[in-house]
Amino acid sequence: MASPTAEHSSETLPKGSSILAPIVLAGATGALGLLIAHHLRRRGVSVRALVRPESSHKAEAESLRKQGVEVVAVDYSSVADLTKACQGATCIISALSGLRDIIVDTQTRLLEAAVAAGVPRFIPSDFSADFTTLPEGSNRNFDLRREFQRRLDTAPIRATSILNGMFMDLLKGQAPLVQPGIGRIVYWGDADQPLDFTTMVDTADFTAAAALDDTTPRYLRVAGQVASIRGVQAAASQALGQPFKLLRVGSVGVLATMIKVTRTLMPAPNDVFPPWQGMQYMHNMLSGQAKLHPLDTARYPDIRYTQIRELLAEK
């Protein structure tokens with residue numbers, strides 16, 4: 001993961017923002033949540049992190065406190081408890097991660113609490129490729145976000161979803177595209193299909209800026225770099241100092257078949273990211289169905305975005 005540096009954001013607050021009232025952050029002890037808290041504090045913002053009681057004394061919570069974050073233990077099953085924790089906030093950011101019990105049920109309670117507390121804005125835990133353009137059933141995790149989206153869009157609160165494509169960090173191992181051991185870029189479909197990548201650090205920085213921006217639309221789409229498979233090939237060859245060749249496994253239809261087989265053999269219904277879920281994500285991107293458009297990457301000019309070549313060159 002790219003490390004945050006002074007180049008990635010300034011201390012300048014967007015017009016119309018306030019650092020006095022807190023921003024409430026749910027899921028603050030997760031990888032993305034910790035980074036969002038960091039970038040909010042860098043911008044001089046008061047942050048109230050909601051954590052489960054069992055997490056309030058863990059290392060992540062202590063790290064938040066050292067940054068000046070107010071850590072509040074809450075019962076996520078209680079709307080009343082959440083409402084109390086949301087009082088006086090200007091915006092709720094959810095970086096919660098999980099399956100239906102979290103993305104739909106817990107976020108719904110958080111939404112109800114935000115409305116009850118009179119919080120004007122809500123940023124849900126979307127942080128993904130553009131699931132709004134995908135058919136139902138093409139991605140289980142995106143279907144859950146779409147289900148919550150329908151609830152969010154009927155609530156009396158201003159919502160902004162941040163869509164960032166694939167976390168670029170996954171190219172360093174978790175996503176199967178870049179294979180240094182065999183010097184190949186593995187893919188399905190069209191090697192010239194544009195793909196959206198943003199590091200987790202840059203996504204967090206963009207989210208912090210958006211939380212301070214009272215003029216955000218319903219969706220913000222950001223891509224630190226748009227690159228095709230051939231672009232990833234060039235970046236990997238330059239960053240790692242070795243030639244990479246393309247290895248086309250098959251069409252996106254072949255990938256769809258592989259997903260069905262993998263899901264049948266290894267369903268893992270209670271895992272957030274079983275192997276077939278990652279394959280669904282790859283299919284959504286490589287098919288072009290989840291391509292971000294239009295892009296709002298330049299909306300906050302103080303953010304400098306990490307490029308694929310830079311990420312892969314990091315030791």
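Matching residues to (1) over 17 Å from the mean Cα position of the chain (by Cα); (2) within 19 Å of LEU295 (Cβ to Cβ); (3) not assigned by TED's automatic domain parsing to the domain that holds GLY33; (4) not aliphatic (A, V, I, L, M):
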position: ASP205; (1), (2), (3), (4): no, yes, no, yes
position: SER237; (1), (2), (3), (4): yes, no, yes, yes
position: GLY241; (1), (2), (3), (4): yes, no, yes, yes
position: VAL252; (1), (2), (3), (4): yes, no, yes, no
position: ALA256; (1), (2), (3), (4): yes, no, yes, no
position: ILE259; (1), (2), (3), (4): yes, no, yes, no
position: THR264; (1), (2), (3), (4): yes, no, yes, yes
position: GLN280; (1), (2), (3), (4): no, no, yes, yes
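Of all residues in region 231-255, those satisfying the criterion of being surrounded by 16 or more Cβ atoms within 10 Å (Cβ to Cβ) and touching a helix residue (DSSP H, G or I) at 6+ places or on another chain (Cβ under 7 Å) are VAL232, ALA235, ALA236, ALA239, PHE244, VAL252, LEU255.
Can you name every residue in region 154-165 that is of a type in the set (Ser, Thr, Tyr), crowded, with 19+ Cβ neighbours inside 10 Å and not in a strand (DSSP E or B)?
Answer for region 154-165, where residues must be of a type in the set (Ser, Thr, Tyr), crowded, with 19+ Cβ neighbours inside 10 Å and not in a strand (DSSP E or B): just THR160.
Number of residues in region 95-121 that are crowded, with 22+ Cβ neighbours inside 10 Å, in contact with an Asp or Glu (Cβ under 9 Å, 6 or more places away or on another chain) and in contact (Cβ under 8 Å) with a residue 40 or more places away in the chain equals 1.
Taking the condition closer than 22 Å to ALA21 by Cα, touching a Cys at 6+ places or on another chain (Cβ under 6 Å) and modelled with pLDDT of 95 or more, does ALA80 pass? Spelling it out, it is not the case that ALA80 is closer than 22 Å to ALA21 by Cα, touching a Cys at 6+ places or on another chain (Cβ under 6 Å) and modelled with pLDDT of 95 or more.
The values are calculated or read from the model by the stated rules, or taken from the named source; none is laboratory data. Since this is a predicted model, take the numbers as computed values, not measurements. Here the Cβ is made from the backbone with ideal geometry for all residues, glycine too, and neighbour counts use every protein chain on show.
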